[in-house]
Amino acid sequence: MFDMFFTNLLEANLKVKCFAHEIIYYTATKSTTDDIWDLYNETGQTKALIITDNQTAGRGRHNNKWISQPSKSITCSFILEQIFNNEQVSLYSILIPVSIIKGIKNFSQIDLQIKWPNDIMYKNKKVGGILIESKLRTNISIFNIGIGLNVNESNFDFPGNIRENVVSLKEIKGIPIQREPLLASILNELNQLINNLDDNYLIEYWIKHCNHINKKVSFSISNKKMQGVFKGINSKGQAIIKKDNETITYDNPITIL
């Protein structure tokens, strides 16, 4: 069984260093997202990847908690400098999950799906989540990308109240999975997608791997709950939801009904 995360093994498998010119490992930290912002604010560093074996106060979208099991998950953050134009800010939420499921497929032959906007899923159970935060630097934006993936957990490692809704890659594959080359595969895939940037390819791949196309969903606008059918995403990376005869573009989380 694999325990401590070895940064030299990650480095050995990385084909590119742009997201991880400097790899910073903490045995434990509250939040890698906060750590990346602290590092950036202090030094202006945008080429570092921070990874921990034990994140004690991780957060997801909308201040939800991200629960990870020490030494069994991938929990990391890094900075991505602006690559899409300002109108396409939602495409970062398309690019990152696509790179994750492609990287996992390349490394472990596991087929995963995506739930809007960027949850990583397997048969309607959550495998991972992504948190993206941004800041304006002079006239371009920088994006703090936080990734949490359930890798080597057993079902009893998860809190009882979420056990039925989550799964790890080890549970899917039936064997433990080495985290360092897995993360390298994801970052290599991300670099490949950026170097060959194709908005249409990203959108088509995302839609093909979405687990709720043409399914009924609920969503909120101005605190008012609504229902509609999820139809896909547009060229800006926003969700398209059909409600009665109206087509709504939407950026926030949904619930699959």
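Taking a probe of 1.4 angstrom, what is the accessible area of residue 16 in Å², to the nearest 10?
Rounded to the nearest 10, the figure is 30 Å².
For the pair residue 38 and residue 192, how long in nm is the line joining their label points, each one 7 Å along Cα→Cβ?
So the label points at residue 38 and residue 192 sit 3.5 nm apart.
GNM on the chain, C-alpha springs below 10 Å: top fluctuator among 120, 175, 36?
Ranking 120, 175, 36 by mean-square fluctuation puts 175 first.
Relative contact order of the range 143-257, please, whole-number percent, based on alpha carbon pairs below 8 angstrom and at least 6 residues apart.
For the range 143-257, the relative contact order is 15 percent.
Using 20 Å as the cut-off for backbone N distance, which residues of the range 170-191 belong to the label zone defined by a point 7 Å from the Cα of residue 111 along Cα→Cβ?
Only 170-175 pass the distance filter.
Would you mind calculating the gained length between residue 139 and residue 223 on full extension (0.36 nm times residue separation, minus the Cα-Cα distance), in nm to one decimal?
Once the chain is fully extended between residue 139 and residue 223, it gains 27.0 nm.
What percent do you get for the relative contact order of the range 102-200 when only Cα pairs under 8 Å and 6+ apart count?
Normalised by residue count, the contact order of the range 102-200 is 26 percent.
By how many nm would the segment from residue 231 to residue 26 lengthen if fully extended, with 0.36 nm per residue of separation less the alpha-carbon distance?
69.7 nm
Would you look at the GNM of the chain, springs on alpha carbons closer than 10 Å, and say which of 53, 244, 119 moves the most?
Its mean-square fluctuation being the largest, the pick is 244.
Of all accessible surface on the range 157-216 at a 1.4 Å probe, what whole percent is carbon and sulfur?
Heavy-atom surface of the range 157-216 belonging to carbon and sulfur, 1.4 Å probe: 43 percent.
What whole-number value in Å² describes the accessible area per residue of the range 42-166 for a 1.4 Å probe?
41 Å²
Report, ordered by chain and residue number, the lysines lying within cross-link reach of residue 30, taken as a straight Cα distance under 20 Å and ignoring same-chain residues fewer than 8 apart.
The reachable lysines, counting only those whose Cα sits under 20 Å from residue 30, are 65, 72.
Kindly state, to the nearest 0.05, the FRET efficiency for residue 215 paired with residue 85, given R0 = 41 Å and r defined as their beta-carbon distance.
0.85
Setting aside same-chain residues fewer than 8 positions from residue 47, which aspartates and glutamates have a Cα under 15 Å from its Cα?
11, 22, 35, 38, 81
The values are calculated or read from the model by the stated rules, or taken from the named source; none is laboratory data. Note that the coordinates shown come from a computational prediction; the quantities given were computed from them, not determined experimentally. Because the Cβ atoms are built from the backbone with ideal geometry, glycine has one as well, and the counts that use them run over all protein chains shown. Note: accessible area is taken over every heavy atom of the protein model, side chains too, but ligands, DNA and RNA are not part of it. Shrake-Rupley method; radii C 1.70, N 1.55, O 1.52, S 1.80 Å.
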